[in-house]
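Here is the structure we will look at.
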Amino acid sequence: MPQKICLITGANAGIGKAAVIQFAQQGWRTIMACRSRQRGEAALQEVKASANSDAVELMLVDMSLQASIRDLADAFLARYDRLDALIHNAAIFDITQKEAIYTEEGVERFWATNHIGPVLLTERLLPALKQSAQGRILTVGSKGLLAKPFLKVDLVDPEFRNKKFNATNAYYQSKLAQIIYTRWLAEQLQGTNITVNCIRVPAVQTDVSKYGDLPAIMKKLYAVKSRFALTPAQMAEVYLWAATADELSHVTGQCFDEKRKVVGVPKFARQAENVKTVMNLVLGYLKRAPSS
Ligand SMILES: NC(=O)c1ccc[n+]([C@@H]2O[C@H](COP(=O)([O-])OP(=O)(O)OC[C@H]3O[C@@H](n4cnc5c(N)ncnc54)[C@H](OP(=O)(O)O)[C@@H]3O)[C@@H](O)[C@H]2O)c1
């Protein structure tokens, strides 16, 4: 059997890094797609040592930039003709961000990184996924969406151009859109060898020191939350399961929780009209000229 190949975005930290170790330990060739060469190289050395594997490699990508995503896909396809698992793990959730930040391509950063980026990367890597005996795409959602039952994707102003920026809403909007995308893509890929499922991540220990401006009270709250949170390695086991379990080879368009149970999705994501309009909006971003 050929060695299986997996690409994980945001693989230099947290759940992504833990997942790389576990895939490498299972004998997969694993590509760590990271935005910082320095952080990526450091994680690569750590992962190789932990997994006792040389079948791990670093490729650079800034998931907020379409040009960078196209470069990553080209670099991957120049080297490999098959991809067995694509895991859209990278995301930003910096709740200290007070104002909208627009990328050099002019797209709001949460929307660009957490939603548009994964859609484009999938599109570019589909030819390689089709070469897999059974390709699997995993998107990553958030259990925190349960606390926002009435949240919608703002079809008119998803990028906070004409309303006050709110980092929490920007984050959850992008995760809601990922759920919609999962369901839509699963439908598009019906009858192919590729499945698409979403992993709903609950509270998982994370390094908040990267948020320099986090108020002391928030740091304390995170410290308390951390005691009850899963470790990145525990969560990564769910990624590994969803990418490898035989019983999932025909399961697509579902959302799984940390206990590997199918969970429901927000009402907004269940409505066919919303799926259509959100995906029309999103696909419009991909049709923009590469330099715009
Ligand atoms: N931790 C939780 O409690 C929790 C809860 C619900 C959902 N989730 C979801 O679980 C996933 C992993 O979370 P985590 O806790 O492991 O997060 P994390 O430790 O903050 O790691 C996030 C990863 O994404 C990368 N990333 C961010 N922006 C990027 C960009 N523009 N291009 C490429 N990579 C980028 C980061 O790279 P840098 O190191 O360069 O920043 C890092 O490697 C995310 O999708 C998150 O939304 C987490």
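Rule-based calculations on the coordinates, nothing more; no lab input. What you see is a predicted model, and the numbers here were worked out from it, not measured in a lab. Here Cβ is always computed from backbone atoms with ideal geometry, including for glycine, and neighbour counts include all displayed protein chains.
Details
- Segment 184-221 - residue that is crowded, with 20+ Cβ neighbours inside 10 Å and assigned to a helix (DSSP H, G or I) and, of those, nearest to the ligand (Cβ to nearest atom): LEU185
- Matching option when the condition is outside any loop (DSSP other than H, G, I, E, B) and within 16 Å of the ligand (Cβ to nearest atom), among ILE137, ILE95: ILE137
- Where a residue in segment 223-248 is under 11 Å from ALA203 (Cβ atoms) and its partner, wherever it lies, is in a helix (DSSP H, G or I) and of a type in the set (A, V, I, L, M), with Cβ under 7 Å and at least six apart: MET235/ILE15
- Any hit, segment 1-21, residues being on the phi > 0 side of the Ramachandran plot and crowded, with 17+ Cβ neighbours inside 10 Å: yes
- The number of residues in segment 22-67 being away from the ligand (no atom under 16 Å from the Cβ) and either hydrophobic (A, V, I, L, M, F, W, C) or surrounded by 23 or more Cβ atoms within 10 Å (Cβ to Cβ) (or both) comes to 5.
- In the set (1) crowded, with 20+ Cβ neighbours inside 10 Å; (2) within 12 Å of the ligand (Cβ to nearest atom); (3) assigned to a loop (DSSP other than H, G, I, E, B), the condition left unmet by LEU83 is number (2).
- Test for ILE31: is it touching a residue at least 60 places away in the same chain (Cβ under 8 Å) and not in a loop (DSSP other than H, G, I, E, B): no
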